[in-house]
Structure formats: C-alpha cells, structure tokens
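Notes for the one structure printed next.
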Amino acid sequence: MNCPLFRVKVRYQFPEGSELWQDTGFQGFAPSGVSIKQPKKKPRNAELTNIQKEENRQISQVRVEVEHQIGGIKRCQIVVQRFRNWVDHYVDDAMETACGLHNFRLTHRRGKPTGQFGTA
C-alpha cells in the first residue's frame, strides 16, 4: 500500500488464515493469505441483490460494534493525541493500557456489555 503523505511503501503482514474487515475505500487492497470481508458497492445503473444487501448488513453490524469499542478506547486521550515519546515499545504499552482500562470499564459498569464484542 502506498502512503501518499510520506511517499513510503507500507507492507502489512497478517498471520495466515486471518480475516481482514475493510472499508470500501480499500478496494483492491488484498494481502496474500487473508480472507477479506468488505461490503459490496452498488453497481452503476443497477441494484444490489437481496443476498448482497443482507451480507452488507451483517458486515455493518460487526463494523459498528468495533467502531464503538474503538471510541471507548479513545476516551484515554493518550491514544488520541500525538504520542511524543520515542521509546520503541511505549506506544504499544499505551495502547494496551488503554484497551485494558476500557475492558475494566465494561466489566465493572452497571448491567452487562451489549453486542457481539463485549470487550476490546
């Protein structure tokens, strides 16, 4: 994948058999050994079939839940703001801590977590 802002070629590696849930903006991005879940676009001057519409709904349900989890993690401003510490593993530590705090918040709030993904 080319990154136009930095003119750097970025290579993503995924474990064999991974599922990649991607937006239609990534049409054509298909790393090897990965199963891609992506909504179908409506063809020009045509309609999607009922089966394609149902598949898009199922993909959207999962994506909405994931976006909610990401929003919960972003309550920790350290993962939202520019991270200025240059120690290699600190950015990963900050994200792991933010995810842990989000999971803690979910498990200790009144009621139970909703949705398919109860934790981040």
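The values are calculated or read from the model by the stated rules, or taken from the named source; none is laboratory data. Since the structure is predicted, the reported quantities are computational estimates derived from the model, not experimental observations. Every residue, glycine among them, receives a Cβ derived from its backbone with ideal geometry; neighbour counts consider all protein chains shown.
Kindly evaluate I78 against the criterion of being without any contact (Cβ under 8 Å) to a residue 24 or more places away in the chain and in contact with a strand residue (DSSP E or B) (Cβ under 7 Å, 6 or more places away or on another chain). Quick ask: steps written out before the conclusion?
Numbers: without any contact (Cβ under 8 Å) to a residue 24 or more places away in the chain: yes; in contact with a strand residue (DSSP E or B) (Cβ under 7 Å, 6 or more places away or on another chain): no.
No.
Among the numbered criteria (1) more than 25 Å from R11 (Cα to Cα); (2) of a type in the set (A, V, I, L, M); (3) in the same structural domain as Y12 (by TED's automatic domain parsing), which one does L48 miss?
Of everything listed in (1) more than 25 Å from R11 (Cα to Cα); (2) of a type in the set (A, V, I, L, M); (3) in the same structural domain as Y12 (by TED's automatic domain parsing), L48 misses just condition (3).
Considering only segment 85-100, I want to know if a residue exists there that is in a loop (DSSP other than H, G, I, E, B) and surrounded by 13 or more Cβ atoms within 10 Å (Cβ to Cβ).
Residues of segment 85-100 that are in a loop (DSSP other than H, G, I, E, B), as a first pass: 85-89.
Among the residues that remain, those that are also surrounded by 13 or more Cβ atoms within 10 Å (Cβ to Cβ) are: none.
No, because not a single residue in segment 85-100 is in a loop (DSSP other than H, G, I, E, B) and surrounded by 13 or more Cβ atoms within 10 Å (Cβ to Cβ).
Here is a list of conditions, (1) more than 16 Å from the chain's Cα centre (by Cα); (2) outside any loop (DSSP other than H, G, I, E, B); (3) surrounded by fewer than 13 Cβ atoms within 10 Å (Cβ to Cβ), and S35 meets all of them except one; can you say which number that is?
(1)
Quick check: is even one residue across segment 18-32 part of a loop (DSSP other than H, G, I, E, B), over 18 Å from the mean Cα position of the chain (by Cα) and modelled with pLDDT of 85 or more? Break it down into steps so the answer makes sense when it comes.
Residues of segment 18-32 that are part of a loop (DSSP other than H, G, I, E, B), as a first pass: 22-23, 27-32.
Applying the additional criterion that residues be over 18 Å from the mean Cα position of the chain (by Cα) yields 32.
Add one more test, that the residue is modelled with pLDDT of 85 or more, and what stays is none.
Checked against the condition, which is being part of a loop (DSSP other than H, G, I, E, B), over 18 Å from the mean Cα position of the chain (by Cα) and modelled with pLDDT of 85 or more, segment 18-32 yields no hits at all.
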